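The structure appears right after this line, and notes come after that.
The values are calculated or read from the model by the stated rules, or taken from the named source; none is laboratory data. Nothing here was measured: the structure is a model prediction, and the numbers come from that model. All Cβ positions, glycine included, derive from the backbone under ideal geometry; neighbour counts span all protein chains shown.
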Amino acid sequence: MPGSTLPSPKGTRDFYPIEMARRRWIEDKWRKTSVRHGFEEIDGPTFEHVEVFTIKSGEGIVSEIFGAFSGKDETQLENLKQGHAPFALRPEFTPTLARMFAARAKQLPQPTKWFWQGPCFRAERPQRGRLREFLQWNCDILGMGGPDQPKERATADAEAIAVCVDLLASCGLKPSDITVQINDRHIVAGMLAECGAAGREMQALMLLDKRGKIPEAEIGPMFAAMGVDLARFDAMAAGLRAPRVSDSPRFADLGAALASLGVEDWCAVNPYIARGLAYYTGTVFEVIVDGERAVAGGGRYDNLIEVFGGPPTPAVGFGMGDVVLSLVLQDKGLMPTDAQIAKDLGLRPDAFVISNGTPESDAAVAPLLARLRGRGLHARRSYKATKNIGKLLKDASDAGARFAIIIEGAGEVTLKNLDDNTQDRGATDAMLARITP
RNA sequence: GCGAUCGUAGCUCAGUUGGCAGAGCACCGGGUUGUGGUCCCGGUUGUCGCGGGUUCGAGUCCCGUCGGUCGCCCCA
């Protein structure tokens, strides 16, 4: 008795071979870009003690954590808040990274450059560009640029931005497609304080992040209720905004560092970028493209290592999700074909073995496969019953194989190059020698 | 939590005022005891999301429910 099929959980994805190959293509880009820029890969647990995520997070976050309870009714929420759900699936990696760094801070080099990629979980309502389980890539630079080292800090910030930009470039994106919008929370908080938000800078920052999403007629009174002179802030912000980062006086060091790394064309100062995370302390940035959610976001979090029991440590990093990145590449026509992905990932079969249909040749298929595989080659065969050479060659072609080997019997094969349509018949040993990895 | 929209073959979808459940693609086999990216022929595949109602008769109309997608809220 077959059972009924079960649906995958809301907001999750099943990766069949085609989807998995596309996923690996992106992961491969992430990993190679990180390594090129001198980052070392780390990993941590998929779930953490729930305090790891609540210790430095604002209100409303608990309700979107996957814990021991997935419901959202009042009693379960209370249980979560009171720690009755001991663990939470990670909604992001930065707290885990901070915990790991804090635990071994004294023995780690300065700077420490780490990258990570893996799944994260958020119990949100899924919609375009946002799922409940998604892949994220993080790059972080820790221990570089103390409070009295503005140039080193700018260099670290620029290096984080540069690795992010390099990833975008390696996917075929151009500065005209996408922008890294940069801001500095410390600077903007000071401006907001001057405009009347002293003591409530964080709330004002969060409200600032909604500028452009909420109609002007509504957001004006909201700032007014907070005692903020919005017109005055806008005037100050206008002096900060700059299409070229180095043209904004407050961002001169960062602009110079970005320019020396060759990525300034991708960047602009936008005084209205705030980011939702509570732990950012200075530079913040968001990778923006028209019509989609932010592709990546990050910034400086100089207090977080201390929160996890480590020494005071300057830190900057960003996260990029696979969902929006894939949408952007599709929007721009930059997602390669499946054949190209198979080639990029080294998944093309080197050889596809075909019998000419005699019992002797049929029996020789498996030994030949074993011989090829023993040489480290990717070798396949057809499992079709047909002896029709044309159909078997189609199988070889569909598999994307480089060569077809037709066993002619008695130590003789035909070697066919499926890319240029040339073929040669001869002794097995001589023909196989032509196939190199 | 709120709203819109869509659920028909493995996939993409068509299905007329309510009247026998369809096409393309995919898969398997053949045309072709030997040459692929095309052709041609044949075959397999259905709880029309689920439950109830109206009707002689429901994929079609009504009510409910579940799920997907998109938007709002939120967005670490």
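Of all residues in region A:330-353, how many are near RNA strand B (Cβ under 10 Å from one of its atoms) and surrounded by 12 or more Cβ atoms within 10 Å (Cβ to Cβ)?
Adding up the residues that qualify gives 1.
The single residue among A:PHE115, A:PHE93 that is of a type in the set (Phe, Trp, Tyr), under 20 Å from the mean Cα position of the chain (by Cα) and farther than 19 Å from A:VAL307 by Cβ turns out to be A:PHE115. The lone criterion from (1) closer than 22 Å to A:ALA189 by Cβ; (2) among the charged types (D, E, K, R); (3) in contact with a Gly (Cβ under 7 Å, 6 or more places away or on another chain) left unmet by A:ARG241 is number (3). For A:GLY310, the conditions (1) of a type outside the set (A, V, I, L, M); (2) part of a loop (DSSP other than H, G, I, E, B); (3) under 30 Å from A:ARG22 (Cα atoms) all hold with the exception of (3).
Conditions tested, residue by residue: (1) at pLDDT 95 or above; (2) more than 11 Å from RNA strand B (Cβ to nearest atom); (3) among the hydrophobic types (A, V, I, L, M, F, W, C).
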{"position": "A:LYS32", "(1), (2), (3)": "yes, yes, no"}
{"position": "A:GLY38", "(1), (2), (3)": "yes, yes, no"}
{"position": "A:GLY44", "(1), (2), (3)": "yes, yes, no"}
{"position": "A:VAL52", "(1), (2), (3)": "no, no, yes"}
{"position": "A:SER57", "(1), (2), (3)": "no, no, no"}
{"position": "A:VAL62", "(1), (2), (3)": "no, no, yes"}
{"position": "A:ASP73", "(1), (2), (3)": "no, no, no"}
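Quickly run through region A:153-178 and pick out the residues that are crowded, with 20+ Cβ neighbours inside 10 Å and of a type in the set (S, T, N, Q). The one that is crowded, with 20+ Cβ neighbours inside 10 Å and of a type in the set (S, T, N, Q): A:THR155.
Conditions (1) in contact with a His (Cβ under 8 Å, 6 or more places away or on another chain); (2) more than 12 Å from RNA strand B (Cβ to nearest atom); (3) not assigned by TED's automatic domain parsing to the domain that holds A:ARG24, marked per residue:
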{"position": "A:VAL328", "(1), (2), (3)": "no, yes, no"}
{"position": "A:SER355", "(1), (2), (3)": "no, no, yes"}
{"position": "A:VAL365", "(1), (2), (3)": "no, yes, yes"}
{"position": "A:PHE403", "(1), (2), (3)": "no, no, yes"}
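Considering the conditions (1) more than 16 Å from RNA strand B (Cβ to nearest atom); (2) within 30 Å of A:ILE341 (Cβ to Cβ); (3) among the hydrophobic types (A, V, I, L, M, F, W, C), A:ILE141 is excluded by exactly one of them, (2). In contact with a helix residue (DSSP H, G or I) (Cβ under 7 Å, 6 or more places away or on another chain), without any contact (Cβ under 8 Å) to a residue 12 or more places away in the chain and under 30 Å from A:GLU152 (Cβ atoms): does that describe A:ALA193? Taking the combined requirement at face value, the residue satisfies it. Residues in region A:405-437 that are near RNA strand B (Cβ under 8 Å from one of its atoms) and among the charged types (D, E, K, R) were compared, and the one that is surrounded by the fewest Cβ atoms within 10 Å (Cβ to Cβ) is A:ASP420. Filtering A:LYS394, A:LYS387 for residues that are surrounded by fewer than 16 Cβ atoms within 10 Å (Cβ to Cβ), over 41 Å from the mean Cα position of the chain (by Cα), among the charged types (D, E, K, R) and within 12 Å of RNA strand B (Cβ to nearest atom) leaves a single hit, A:LYS387. Taken as a whole, region A:268-284 holds no residue that is assigned by TED's automatic domain parsing to the domain that holds A:ARG122, more than 18 Å from A:LEU205 (Cβ to Cβ) and free of Cβ contacts under 8 Å to residues at least 60 places away in the same chain.
Every listed requirement among (1) in contact with a Phe, Trp or Tyr (Cβ under 9 Å, 6 or more places away or on another chain); (2) at pLDDT 95 or above; (3) surrounded by fewer than 20 Cβ atoms within 10 Å (Cβ to Cβ) is met by A:GLY262 save one, (1).
Taking region A:153-181 on its own, how many of its residues are farther than 17 Å from A:ASN138 by Cβ and in a helix (DSSP H, G or I)? So the answer is 6.
Among the residues of region A:303-314, which ones are surrounded by 23 or more Cβ atoms within 10 Å (Cβ to Cβ) and away from RNA strand B (no atom under 14 Å from the Cβ)?
Within region A:303-314, A:THR313, A:PRO314 meet the criteria.
How many residues does region A:196-235 contain that are assigned to a helix (DSSP H, G or I) and touching a residue at least 60 places away in the same chain (Cβ under 8 Å)?
The first filter runs over region A:196-235 and keeps only residues assigned to a helix (DSSP H, G or I), leaving A:196-197, A:201-208, A:216-225, A:230-235.
Now restrict to residues that are touching a residue at least 60 places away in the same chain (Cβ under 8 Å): A:202, A:205-206, A:208.
The number of residues fulfilling the criteria is 4.
In this structure, does A:ALA363 turn out to be out of contact with any Leu (no Cβ under 8 Å at 6 or more places or on another chain) and among the hydrophobic types (A, V, I, L, M, F, W, C)? So A:ALA363 passes the test.
In this structure, is A:GLY67 exposed (fewer than 13 other Cβ atoms within 10 Å of the Cβ), at pLDDT below 85, within 13 Å of RNA strand B (Cβ to nearest atom) and not charged (D, E, K, R)? In short, no. Being basic (Lys, Arg) and either at pLDDT 95 or above or within 11 Å of RNA strand B (Cβ to nearest atom) (or both), is that true of even one residue in region A:76-88? No, there is no match, as no residue in region A:76-88 is basic (Lys, Arg) and either at pLDDT 95 or above or within 11 Å of RNA strand B (Cβ to nearest atom) (or both).
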